[in-house]
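Single-structure report; data block below.
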Amino acid sequence: MIRAGLIVEGIGELATLARGPVPRIGPALGDLGLVHGATLGIDGGRFVFVGTAREARRTLRLRSGGTRWDAEGAVVVPGFVDPHTHVLFAGDRHREVEAKIRGASYAEIAKKGGGLYSTVRATREASDADLLRATSGRLRRMAAAGTTTAEVKSGYALDHSGELRLLGLVPRLARSTGLRLVPTYLGAHAVPPEFAGRADAYVDGMISRTLPVVARDRLAGACDVFCEPGFFSVAQSERLLRAAAALGLRTRIHADEFVRLGGARLAARLRTASADHLLATRPSDHAALARAGVTAVLLPVTAFASLTTARPPGRELVDAGAAVAVGSDLSPNSWVESMPTVLSHAVYGARLTPSEALAAATVNAAHALGISDEAGSIAVGRSADFSTFRLGAADEIAYRVGAVPERVYRQGIRVSSSEVGP
Ligand code: ZN
């Protein structure tokens, strides 16, 4: 007999994402591991039972004082895993939207003191308390939309102590919000103003000074780099990522977003954990990523918010046999806190099917972060992170743009709507 402190019964369609290989590749990406008429048993923050109502009647019992909830036919899916966020920053850039609409380039906005460097200034000036308050508000709204795990990048301090400070805030944010947060060191988000024209010297400093502390103090499990013209070259990116890998860190790369500089090919050569963005890639790049086992992380809302005509190559990557994940890329440039909205863009922008988009935002996203044994699927022993939607099928989450979950649970505890904050 299995005892549970929480039983969720009457589930219309349960998408477990639990059967089959991880990551899901090709036709397997659309297999949601559906169970109809399902019941879940949760105890100690983990799933202890996943099955049909019939099986539950035979083997599952509610602990005394436990809670039983009838989902009345709702859809249940794993908590979303957002594998790519820049959520930790101060300020906002809403005043740049009109300039963007009127055709100002990223460089022109930066010249007027806007863009990424204005966020760097605001973040450097912000106190820990200000950063924690602003970021936890964003994280709570992400949780209310169904995200239970999120990657968090540094990258808006761009100096040794400031980047370490940002990474040091991540465990505090995890404790205060209850989300599972996975920190990534992105000191190579841009060349800091103090190093203008001296990117190599900045890379030297990251390698000799900052990366060893990040690895030693386990401030992040991964290192990322922004490999684009005017940011970091392929050679500089390779130098940094090789140093990170030598220290035991996972490696990731912002690759081929603005132009096809060669980031995806570098990712394949180094067998990084992920290559992200990929807007300017070609079929040979998709094949190289597939062969190398690099997860392609698509960030379709960024293409939308950047007013680019380029379409994220989701369909092409899946058909090439690459592992595909999707993330929000939440940043002051493309501010989206809702993974259901990201799923819609993954479908209508990147041309994944609704089922593929859901798998890309759960099991494959967890794989990109190296935590698929813990998050991204609904199976006995996994963390009890899940959402319920008042819909007829899991595929409707992406179909209805901006779908909102009815309930969200993290480790078996319901996210309360009062947590959402301003
Ligand atoms: Zn990014």
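The values are calculated or read from the model by the stated rules, or taken from the named source; none is laboratory data. This structure is a prediction, so every number in the text was calculated from the model and none was measured. Here Cβ is always computed from backbone atoms with ideal geometry, including for glycine, and neighbour counts include all displayed protein chains. The area values use the complete protein model at the heavy-atom level, side chains included, leaving out ligands, DNA and RNA. Shrake-Rupley method; radii C 1.70, N 1.55, O 1.52, S 1.80 Å.
So if R0 is 30 Å, what FRET efficiency would I2 and A28 give, r being the distance between their Cβ atoms, rounded to the nearest 0.05?
Once rounded, the FRET efficiency stands at 0.55.
Can you give me the C-alpha center-to-center distance between segment 300-345 and segment 4-36, rounded to a whole angstrom? Here the two parts' Cα centres lie 23 Å apart. Highest mean first, the peptides 283-296, 392-405, 190-203, 332-345 sorted by other C-beta atoms within 10 Å per residue fall in the order 332-345, 283-296, 392-405, 190-203.
Here the calculated FRET efficiency for K112 and T52, from their Cβ-Cβ distance with R0 = 51 Å, stands at 0.25, rounded to the nearest 0.05.
Of all trypsin sites (Lys or Arg not before Pro) in segment 80-113, which ones are in loop regions per DSSP and have a Cβ with at most 13 other Cβ atoms within 10 Å? Working shown, then result.
Numbers: sites: R93, R95, K100, R102, K111, K112; in loops: R93, R95, R102, K112.
In loop regions of segment 80-113 (DSSP not H, G, I, E or B), the sparsely surrounded trypsin sites (Lys or Arg not before Pro) are R95, R102, K112.
Summarising the label geometry, the points placed 7 Å from Cα in the beta-carbon direction at F195 and A129 lie 3.2 nm from one another. Which number comes out as Rg/Rh for segment 34-151 once both Rg and the Kirkwood Rh are worked out on C-alpha atoms? Taking Rh as the inverse mean 1/r over Cα pairs, Rg/Rh reads 1.21. Spin-label model, S284 to S161: label points 7 Å out along the Cα-to-beta-carbon direction sit 4.8 nm apart.
What dipole magnitude, in Debye to the nearest 20, does the chain give about its Cα centre under +1 on Lys/Arg Cβ and -1 on Asp/Glu Cβ? In total the dipole reaches around 620 debye.
Each residue of segment 381-393 was assigned a 3J(HN,Hα) from its phi angle through the Karplus expression (A = 6.51, B = -1.76, C = 1.60, θ = phi - 60°), giving x, 7, 4, 7, 10, 7, 10, 10, 10, 7, 9, x, 8 Hz with x at Gly and Pro. Among the GluC sites (Glu not before Pro) in segment 28-132, those located in a DSSP loop and surrounded by at most 13 other Cβ atoms within 10 Å of their own Cβ are E72. Shape call for segment 201-359 from the C-alpha gyration tensor, a ≥ b ≥ c root eigenvalues: rounded (a/c under 1.5), prolate (a/b greater than b/c) or oblate? Prolate. Dividing the C-alpha radius of gyration of the chain by 2.2 N^0.38 Å, with N its residue count, gives 0.96. When both bridge partners sit in the chain, DSSP labels roughly 40% of those beta bridges antiparallel.
Applying 0.36 nm per residue to the separation of R291 and A246 and subtracting their alpha-carbon distance, the gain on full extension is 13.9 nm. Estimated from the Cβ-Cβ distance and a Förster radius of 41 angstrom, the FRET efficiency linking E98 and A393 is about 0.55. Rg then Dmax, both in Å and based on the Cα atoms of segment 174-215: 14.0, 41. What a 1.4 Å probe finds exposed on the chain is 53% carbon and sulfur by accessible area, rounded to a whole percent. Surface analysis of the chain yields an accessible area of 39 Å² per residue, using protein heavy atoms and a 1.4 Å probe.
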